[in-house]
Amino acid sequence: MHTRNYHTTDVLNIVPAGTAESLERISAGLSAILSLLEKESERSESTHEIHCLLAMVKSQLDLAASELCPAD
């Protein structure tokens, strides 16, 4: 079995056009949801837990987006 190691430039060449914009929109949507959850988490521990989990997901998404689509 032959595996290929991909370099960052190889990956950047296969990222479809519009990916950066899509990831930015998703991140913005998650930010809005996180803001709402933050307000509600003052009243509910389960909402606070959801906020924490979603914040971690957003952080990972933002990190992956910055690696896939670095700012020019």
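Take residue 32 and decide whether it is part of a helix (DSSP H, G or I), in contact (Cβ under 8 Å) with a residue 40 or more places away in the chain and of a type in the set (A, V, I, L, M, F, W, C). Spell out how you get there, then give the answer.
Numbers: part of a helix (DSSP H, G or I): yes; in contact (Cβ under 8 Å) with a residue 40 or more places away in the chain: no; of a type in the set (A, V, I, L, M, F, W, C): yes.
No; evaluated as a whole, the condition is false for this residue.
Being of a type in the set (Ser, Thr, Tyr) and in contact (Cβ under 8 Å) with a residue 12 or more places away in the chain: is that true of residue 19 here?
yes
We did not get these values from a lab; they are worked out from the coordinates using the rules stated. Values in this document were obtained by computation on a predicted structure and should not be read as measured data. As a convention, Cβ positions derive from the backbone with ideal geometry for all residues, glycine included, and neighbour counts pool all protein chains shown.
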